[in-house]
1. Suppose we filter region 1-59 for residues that are outside any strand (DSSP E or B), under 25 Å from Asp478 (Cβ atoms), touching a residue at least 60 places away in the same chain (Cβ under 8 Å) and not charged (D, E, K, R); how many remain?
2. Criterion first (of a type in the set (Gly, Ala, Ser), in contact with a strand residue (DSSP E or B) (Cβ under 7 Å, 6 or more places away or on another chain) and surrounded by 19 or more Cβ atoms within 10 Å (Cβ to Cβ)) does Ala98 satisfy it?
3. Take the residues of region 471-489 that are touching a residue at least 40 places away in the same chain (Cβ under 8 Å) and in contact with a strand residue (DSSP E or B) (Cβ under 6 Å, 6 or more places away or on another chain): which is surrounded by the fewest Cβ atoms within 10 Å (Cβ to Cβ)?
4. For region 205-226, indicate whether the set of residues that are part of a helix (DSSP H, G or I) and either of a type outside the set (Phe, Trp, Tyr) or at pLDDT 95 or above (or both) is non-empty.
5. Might you check whether a residue that is over 29 Å from the mean Cα position of the chain (by Cα) and hydroxyl-bearing (Ser, Thr, Tyr) occurs anywhere in region 140-162?
6. Counting only residues that are surrounded by fewer than 22 Cβ atoms within 10 Å (Cβ to Cβ) and not charged (D, E, K, R), which one in region 250-267 is modelled with the lowest pLDDT?
7. Which count do you get for residues in region 313-333 that are farther than 21 Å from Lys272 by Cα and not aliphatic (A, V, I, L, M)?
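The values are calculated or read from the model by the stated rules, or taken from the named source; none is laboratory data. From a predicted model like this one, the values you see are computed outputs, not experimental measurements. Ideal geometry is used to build each Cβ from the backbone, glycine not excepted, and the neighbour counts take in all protein chains shown.
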Amino acid sequence: MLQELILTNGRIHTMDDNDTIVSSVSIESGRFAAIGDNIRPRGPDAKIIDLQGRTVIPGLIDNHIHFLRTALLPGHDMRLLETAFSVEDALNVIRNRAHITPDGELLSAIGGIHPNQFSDRRYPTLAELDDAAPKHPVYLSISNWGPGATNTLGRELLRNQGVQVGDDGTVAKGEDTVAAWEALSALHSYADTLRQTEQQMDFALSMGLTNVFDMGGTIPAGGWLDPATGYNPVLELMREDRVPLRTRIFLPVLDTEAELPDLMARLDYTFKEFGNDILRVTGIGEWLIPHKLQREQPLPDFYTDSVRAVAERGWVYKQHLISLAEQKEHLRVWEDVNKSVKLADLHWSMDHCYGLDQDTLNRAIDLGVGISSHSSPYLGDHAQPPGNPPFRMIMDSGIVMGGGSDGARISVMNPWVMFYYAVTGKNYAGDLINPDQTISRKEILRIWTRPQGWFCKEEKNMGGISVGKFGDLTVLSDDYFDEQAVSDDEIRHISSVLTVVGGNVVHDAGVLGVNTKEREAVPAQ
């Protein structure tokens, strides 16, 4: 780790209460040491980076993402397709990935895309995919339920696995795309998972993400993260100092019986808030009972016992809540448990909260819980209400509000696409689906930075740029704050030219002439 790093000659947005902008910061031993103008090195070995007037923001934090699960996506995942908005754009992404991928290996994009995001309102054809990647099977799909599209080599691969594929390379939505998913996943090895974990971290860092709150993913479809073995790859990489992205683990629970065997195993045998500054077990979430049961009205009695056990043990808890009915019913249980264990001390949150109304929001405020409000409906078609988050209402209430993507199987991973949705209310196709609830560019950036530490009990360590906090920041490709230079549509194309985690340069696009060596993982602190 660099002992002293100074970044100077920039426009550094600290995201503090006064929206202070400075030209320089220094990072020592992984934390911000000085913030201001014309900061000078304290030692002879300090590394100085000239920002050349570029805009800098705190490292982005996604507080609800199924990140580790994306390593189970078969083949070589092509995240850059999230910001391809024409068929030709998509083909260029595929060509570029094919150029750097060994011949014969699968190129895929499963989840995070929609054919109607392209101006042509369609997937590339079989012939177009053949031309872009003649030596690779290619498979594209809206998550594991489709519809899907493939090329000649992909069609051959899928048919050999017993999957129905049209002569034109189309895979029908439903059973056929589920079968395609299962067939391709069966070819995915542990070595592939390790490789893809690192590639996904590289992508996240290239977008300016420096911290992800991983929600696992335990629905047994679409590449579920096995509760027993699913964390082995990231633990192996951590032991080898190959994890450059801060990761906070939330452990899902799937009990279906009153004895709570899954939950009690977690509470009894998992070290609460154990880890280091890079990888840490943080809490329980986003499930405390299976998805099917959590939508019941009323909730099963053992859910109350589960909530009480988590509260009494002092764990952080994030709960997936989609519909208003779910929100109201879960709050009923939380309010009952709150009579004996004050939830305000535990940093619990309601996550997603689409269609939230003012009465339910007031109940959450009274309990002292937070809300993680997500932009994942970007890939949807339904106008609000009831299907989208009321950003404006939540923000104006003063409740602790964080942000996330719910990526990357049913949503995108790219945070700038999520910002676009919050600012415009428009979906992948440019249709306005969340009117009257948009927020400003600065507001969505704030909820993805400043308050995020609250949701993992690390307010003193993360969120914003201030002395003593983690030295995490990103230097932007474009000035996000300049609405004349960067239109709303162009928000989606912003990326990071330099990402720093704990004072280490972990992504360098080569724009600033930093001449960093091949990226090394951030050592555990």
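1. 6
2. yes
3. So the residue we want is Asp479.
4. yes
5. Yes, because at least one residue in region 140-162 is over 29 Å from the mean Cα position of the chain (by Cα) and hydroxyl-bearing (Ser, Thr, Tyr).
6. Only one residue tops the list, namely Leu254.
7. 7
For (1) surrounded by fewer than 23 Cβ atoms within 10 Å (Cβ to Cβ); (2) touching a His at 6+ places or on another chain (Cβ under 6 Å); (3) among the basic types (Lys, Arg), each residue gets a yes or a no:
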position: Ala34; (1), (2), (3): yes, no, no
position: Asn38; (1), (2), (3): yes, no, no
position: Pro44; (1), (2), (3): yes, no, no
position: Ile57; (1), (2), (3): no, yes, no
position: Arg69; (1), (2), (3): no, no, yes
position: Ala90; (1), (2), (3): no, no, no
position: His114; (1), (2), (3): yes, no, no
